[in-house]
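Trainee: The structure is given below, and queries will be raised subsequently.
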Amino acid sequence: MTGTFHNSRLWLDGCLDFFHYGHSNAILQAKQLGDQLVVGVHSDEEITLHKGPPVQNLSERCLAAITCKWVNEVVPYAPYVFDLAWMRKYDCQFVVHGDDISTDAEGNDCYRHAKAANQYLEVKRTQGVSTTELLDRLLNSLPLSTYTISPSNIRTYEPLLKRFASAPNGTDPYTNIFIQSSNGPEELVSGIFSDKVKLRKSAIYLDGDWSLFTGTHMTALKACAEAFPDLPIVVGVFSDDKCSEKPVLNLLERTLNLLQCKYVSAVIIDPPSARSFDTLKYLKAKFDGLIDNFSYPKFSVKEQATFQVTLNRKPTDSFQILDKQGSDTIKQRIVSRKHEYEERQRRKLNKNGTENTTIRACVAS
Ligand code: CTP
């Protein structure tokens with residue numbers, strides 16, 4: 001079924017492990033189909049049963065969806081095999097999924113009931129990014145040269161960057177994107193800072209590698225937004241070669257992760273690194289007339305942050321995330337359970353073979 005559904009609540013569910021721009025692109029496309037978007041996240045136990053162990057636990061995976069600007073509600077413990085009654089409980093009329101076939105442990109299509117009821121909508125799956133690919137980079141220490149993207153190459157992805165810069169409604173312009181050029185930062189995508197008359201104001205500036213977009217980053221951005229509720233957050237993302245260590249994600253992937261995050265108002269791609277000179281002074285001069293004043297924030301991140309999810313159909317603040325989810329923790333987790341993840345990779349590749357055969361069979365019939 002295709003089309004746009006006004007006044008609708010749509011449902012999208014998944015594992016959302018190692019949240020990447022394939023997931024956020026599916027979420028964005030779903031948001032553009034309807035009004036409200038509810039995201040269901042599968043439990044660790046169900047993912048282990050049907051697919052193999054997830055790298056991130058349920059609360060970490062929910063956090064990624066909670067901080068995505070196009071998501072209205074997050075529901076943990078969504079069943080892996082899609083259940084119409086469960087979706088209806090959350091007042092949603094359609095489920096949205098990427099155009100890949102998702103199968104359960106027995107090889108059956110997880111969305112067969114929704115398809116039979118005509119309550120299934122499909123969006124384009126994003127090629128070239130997957131949890132499997134990211135695990136491969138970590139498990140096999142793939143060299144950066146096999147996946148790096150330079151700041152000049154990133155310009156070829158302008159249409160994708162522009163879509164990701166959209167507002168929480170999925171369509172209006174919102175997040176500004178600037179990219180370093182020989183004359184200083186150049187506006188690649190216009191957004192809320194582009195109205196120079198209305199928005200001459202101060203901004204908070206945070207820069208970094210953002211190597212894997214983890215719970216630590218999300219919690220820090222939330223804490224920053226809460227500490228300075230009236231100030232927009234501008235984020236600098238270093239190019240692959242300027243990162244302090246080999247980034248797991250390339251410049252495009254790291255930029256898209258920041259763009260989809262609801263706390264980020266503007267992204268500067270490849271800013272000068274703070275180590276050699278006064279970045280704030282430089283930004284102040286270069287953004288003259290657009291942003292009056294930049295400051296590095298002083299705020300504290302609590303060890304435990306509280307995020308709102310929907311539990312038993314009621315919004316609740318009781319979902320707590322421990323601040324122990326930095327890139328190093330994730331990497332250590334993968335290394336310490338290497339064999340289990342290698343087995344998961346094998347299973348996924350075998351499954352892909354079967355799923356592709358199923359897709360070909362559908363096309364042929
Ligand atoms: N999705 C997508 N493009 C990708 C990966 C996922 O459009 N490259 C979509 C899926 O089709 C689904 C949603 O994102 O609608 C959530 O997917 P999820 O169950 O989390 O992941 P997988 O499909 O298993 O993909 P991955 O192995 O990358 O996690």
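Trainee: Answer yes if at least one residue in the range 52-69 is under 14 Å from the mean Cα position of the chain (by Cα) and acidic (D, E), and no otherwise.
Mentor: Yes, there is a match, as at least one residue in the range 52-69 is under 14 Å from the mean Cα position of the chain (by Cα) and acidic (D, E).
Trainee: Can you tell me which residue is farthest from D100 (Cα to Cα) among those in the range 316-336 that are modelled with pLDDT of 70 or more and open to solvent by less than 90 Å² (accessible area, probe 1.4 Å)?
Mentor: By that ranking, first place goes to T316.
Trainee: For residues that are more than 20 Å from L258 (Cα to Cα), outside any loop (DSSP other than H, G, I, E, B) and open to solvent by 30 Å² or more (accessible area, probe 1.4 Å), tally how many sit in the range 20-52.
Mentor: So the answer is 7.
Trainee: Additional query: Of (1) under 19 Å from S166 (Cα atoms); (2) part of a loop (DSSP other than H, G, I, E, B); (3) of a type in the set (D, E, K, R), R254 satisfies all except one. Which?
Mentor: Of (1) under 19 Å from S166 (Cα atoms); (2) part of a loop (DSSP other than H, G, I, E, B); (3) of a type in the set (D, E, K, R), only one is false for R254: (2).
Trainee: Quick one: what pairs do we get from the range 22-50, first residue in the same structural domain as G107 (by TED's automatic domain parsing) and among the basic types (K, R), second more than 9 Å from the ligand (Cβ to nearest atom) and open to solvent by 30 Å² or more (accessible area, probe 1.4 Å), C-beta under 9 Å, 6+ apart or different chains?
Mentor: Close Cβ pairs satisfying both conditions: K31/N72; K31/P168; K31/N169; K31/T171.
Trainee: Still on this structure, please answer the following. Could you please find all residues in the range 221-240 being in contact with a Leu (Cβ under 8 Å, 6 or more places away or on another chain) and assigned to a helix (DSSP H, G or I)?
Mentor: Selection gives L221, C224, D240.
Trainee: I need a count of the residues in the range 257-295 that are part of a helix (DSSP H, G or I) and of a type outside the set (K, R).
Mentor: 8
Trainee: Before we move on, is N7 within 13 Å of the ligand (Cβ to nearest atom), outside any strand (DSSP E or B) and open to solvent by 10 Å² or more (accessible area, probe 1.4 Å)?
Mentor: Answer is no for this residue.
Trainee: Would you confirm, using the coordinates I've provided, whether D17 is open to solvent by less than 10 Å² (accessible area, probe 1.4 Å), closer than 20 Å to R344 by Cα and in contact with a helix residue (DSSP H, G or I) (Cβ under 9 Å, 6 or more places away or on another chain)?
Mentor: Yes.
Trainee: May I ask you to list pairs of residues, at least six apart or on different chains, whose Cβ atoms are under 8 Å apart, with the first in the range 85-104 being of a type in the set (K, R) and the second being part of a loop (DSSP other than H, G, I, E, B)?
Mentor: Every condition considered, the pairs that remain are K89/R313.
Residue by residue, here is whether (1) in contact with a Leu (Cβ under 8 Å, 6 or more places away or on another chain); (2) open to solvent by less than 20 Å² (accessible area, probe 1.4 Å) holds:
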{"site": "K242", "(1), (2)": "no, no"}
{"site": "E253", "(1), (2)": "no, yes"}
{"site": "L258", "(1), (2)": "no, yes"}
{"site": "C261", "(1), (2)": "yes, yes"}
{"site": "S265", "(1), (2)": "no, yes"}
{"site": "Y282", "(1), (2)": "no, no"}
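Trainee: Being among the aromatic types (F, W, Y) and touching a Lys or Arg at 6+ places or on another chain (Cβ under 9 Å) narrows it down to one of Y296, Y205, Y282, Y263, so name that one.
Mentor: Y263
Trainee: Show the residue pairs meeting these rules: Cβ distance below 8 Å; 6+ apart or different chains; first residue within the range 126-146 and under 11 Å from K246 (Cβ atoms); second residue within 16 Å of the ligand (Cβ to nearest atom) and of a type in the set (A, V, I, L, M, F, W, C).
Mentor: R137/V248; L138/V248; L138/I334
Trainee: Can you tell me which residues in the range 11-52 are more than 21 Å from N169 (Cβ to Cβ) and among the polar types (S, T, N, Q)?
Mentor: S43, T48
Trainee: Mind counting the residues in the range 154-171 that are open to solvent by 80 Å² or more (accessible area, probe 1.4 Å) and under 22 Å from V38 (Cα atoms)?
Mentor: Here the count works out to 1.
The values are calculated or read from the model by the stated rules, or taken from the named source; none is laboratory data. For clarity, every value in this text was computed on a predicted model and none was experimentally measured. Reconstructed Cβ throughout: ideal geometry from the backbone, glycine too, with neighbour counts over all protein chains shown. Note: accessible area is taken over every heavy atom of the protein model, side chains too, but ligands, DNA and RNA are not part of it. Shrake-Rupley method; radii C 1.70, N 1.55, O 1.52, S 1.80 Å.
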